[in-house]
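Below: the structure, in structure tokens.
The values are calculated or read from the model by the stated rules, or taken from the named source; none is laboratory data. Bear in mind the structure is a predicted one, so any value in this text is a computation, not a measurement. Using ideal geometry, Cβ is built from the backbone for each residue, glycine included, and neighbour counts are taken over all protein chains shown.
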Amino acid sequence: MRVYVPTTLTALAQGHTEGTLGPAPLRAYAVTPALREWYLSDDIEELEYAALVRAAQSSLRLLAEDAAAPRRRVVVALDVPDQVVTLQVDAEHTDAAALGAVTLTETLAMAKVASVHADADEPEVLDDVSAAVSAVAAADAGDEDARFAVDGAEDHELLWFATQEIPGLLG
């Protein structure tokens, strides 16, 4: 199963050095039955993009917890065996932002990473992500102005990086 693991550049650097991303359990996002039911699409690329976007939103929350991490959302994509994935929600009992949430029960080997997705290192993007990180808790509590700031970060597409580009991304 393809999963999208939200992280930060700091955690990615640590994982790159240690060879693993973890420890388990890890929150991730995937094309789950609930996401399929809610999204009403059979296009796997659209569904995977929806899971990636949810992981990017979760990365904002990780950035809010780590004031020292560079203000760039990061998502690691990799394929894992189905037996290490635990589904979290169903379409009838959750809000749309949580659809696709899964828990990974094993630490992930960096050698299994398919790609990394991260914000561009550009002033406008960094400013918008910083504003979103500052506003994410208020947005989660229902503040519409804060939601606008969070949406500003979501206007920026994550860039795709091959695994051999990770050192350059971290540099």
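From the list GLN57, GLN14, pick out the single residue that is surrounded by 13 or more Cβ atoms within 10 Å (Cβ to Cβ), free of Cβ contacts under 8 Å to residues at least 24 places away in the same chain and closer than 25 Å to PRO167 by Cα. Even if it seems obvious, please write down each step before you answer.
Working: GLN57 fails: free of Cβ contacts under 8 Å to residues at least 24 places away in the same chain.
Exactly one residue qualifies, and that residue is GLN14.
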### Yes/no for ALA68 being closer than 20 Å to SER134 by Cβ, among the hydrophobic types (A, V, I, L, M, F, W, C) and free of Cβ contacts under 8 Å to residues at least 60 places away in the same chain
yes
### Query
Out of the range 147-162, which residues are among the hydrophobic types (A, V, I, L, M, F, W, C) and modelled with pLDDT under 95?
PHE148, ALA149, VAL150, ALA153
### Message
For the condition of a type in the set (A, V, I, L, M), part of a helix (DSSP H, G or I) and in contact with a helix residue (DSSP H, G or I) (Cβ under 8 Å, 6 or more places away or on another chain), what is the one hit in ALA51, ALA28, ALA69, ALA55?
### Response
ALA51
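Every residue, every condition in (1) among the small types (Gly, Ala, Ser); (2) surrounded by fewer than 16 Cβ atoms within 10 Å (Cβ to Cβ); (3) closer than 18 Å to VAL125 by Cα, yes or no:
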residue: VAL3; (1), (2), (3): no, no, no
residue: ALA28; (1), (2), (3): yes, no, no
residue: LEU35; (1), (2), (3): no, no, no
residue: GLU46; (1), (2), (3): no, yes, no
residue: LEU63; (1), (2), (3): no, no, yes
### Message
Against the condition in contact with a Leu (Cβ under 8 Å, 6 or more places away or on another chain) and among the polar types (S, T, N, Q), how does THR32 come out, does it pass?
### Response
yes
### Query
Residues of the range 125-157 being closer than 18 Å to LEU9 by Cα and in contact with a Leu (Cβ under 7 Å, 6 or more places away or on another chain), which ones?
ALA132, VAL133, ALA153
### Failed criterion for ALA109 (all others in (1) touching an Asp or Glu at 6+ places or on another chain (Cβ under 7 Å); (2) surrounded by fewer than 16 Cβ atoms within 10 Å (Cβ to Cβ); (3) of a type outside the set (D, E, K, R) hold)
(1)
### Message
Anything in the range 31-51 that is without any contact (Cβ under 8 Å) to a residue 12 or more places away in the chain and either touching a strand residue (DSSP E or B) at 6+ places or on another chain (Cβ under 7 Å) or among the acidic types (Asp, Glu) (or both)? List them, or say none.
### Response
ASP42, ASP43, GLU45, GLU46
### Query
Pick from the range 112-128 the residues that are among the β-branched types (Val, Ile, Thr) and either closer than 15 Å to GLN164 by Cβ or touching a helix residue (DSSP H, G or I) at 6+ places or on another chain (Cβ under 6 Å) (or both): which of them is surrounded by the fewest Cβ atoms within 10 Å (Cβ to Cβ)?
VAL113
### Query
Which members of the range 1-53 meet the condition of being small (Gly, Ala, Ser) and closer than 14 Å to VAL74 by Cα?
ALA11, ALA13, GLY15, ALA28, ALA51
